[in-house]
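Comments concern the structure below.
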Amino acid sequence: MKIFNIKYAIALIAVAAFTISCDDDDVTEIPEASTNFTGTFVQQDQMGRPGINTVFPTTEADENEFNVTIPSDGIARWQPTFQAKVEALYDAYGATYENNIIGLDLPTLTTALSLDVLQVAPNGSGPTTYFGGTSNFLTGRALNDDVIDVSLILLFGGQSGARFNGDGGTPNLVSDNVGLEAGTTSDSFPYLTAPKF
């Protein structure tokens, strides 16, 4: 242990001596960084809508396949799987899906979810939000959007948005019960406050 400490001290002194002996003539300019987009890139993950890639695929192999599915192929490949998964969840509770709070039937909702991308409104119609009612659905994500609760409401909330909210003996399936911590976002860059440990 003492030998290691002595070697470490000698190395530290050598670095300090080198640093002290450098003058302006010894400093070289660091070249500007450049971005190189040549080569072949491989998609590794899809995360347009949090939780979709981890909840709906049935197996770990399916999850990995979903993550590398080209979004334009998502509906054809995954919509039937997603719909079957939701139907199985309802069967487990002895219930059937009813059109959700924005009027989507199960095939339409699972089609939207299997295309795991966030739409953009290029003409600026409406704010960017995960859920802003029937005219503003899944157009992006604002920092304060509770995307998991929105997904749960769309899946299990029924026409009122509160079908499985824990009342009347029903399980609470419309919320993960994790709220946004106060003071975690701001109106100026970088928008998120420093993490708390």
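Observations on the model:
- Rounded FRET efficiency, nearest 0.05, which uses the C-beta distance separating Thr128 from Phe41 and R0 of 25 Å: 0.40
- Relative contact order (%) - criterion: Cα under 8 Å, at least six apart; region: the stretch 52-169: 23
- In this structure, the amide hydrogen of Thr185, modeled 1.01 Å from its nitrogen in the peptide plane, lies closer than 5 angstrom to those of Thr193, counting only residues at least 5 positions away or on a different chain.
- Nonlocal amide H pairs with Phe131, under 5 Å, H built at 1.01 Å: Leu138
- Here the extension length gained between Thr184 and Ala88 equals 30.9 nm, from 0.36 nm per residue of separation less the Cα-Cα distance.
- For Asn172, the amide hydrogen comes within under 5 Å of the amide hydrogens of Gly166, counting only partners 5 or more places away or on other chains and with H modelled in the peptide plane.
- 14 Å beta-carbon shell around Ala162, net charge (K/R +1, D/E -1): -2
- Summing Cβ point charges (Lys, Arg +1; Asp, Glu -1) relative to the Cα centre of the stretch 52-169 gives a dipole of roughly 300 debye.
- For Ala33 and Asp176, the FRET efficiency from 1/(1 + (r/R0)^6), where r spans their Cβ atoms and R0 equals 45 Å, is about 0.65.
Laboratory data are not the source of any read-out in this text; all were calculated from the coordinates shown. Bear in mind the structure is a predicted one, so any value in this text is a computation, not a measurement. Cβ atoms come from the backbone with ideal geometry, glycine included; neighbour counts cover every protein chain shown.
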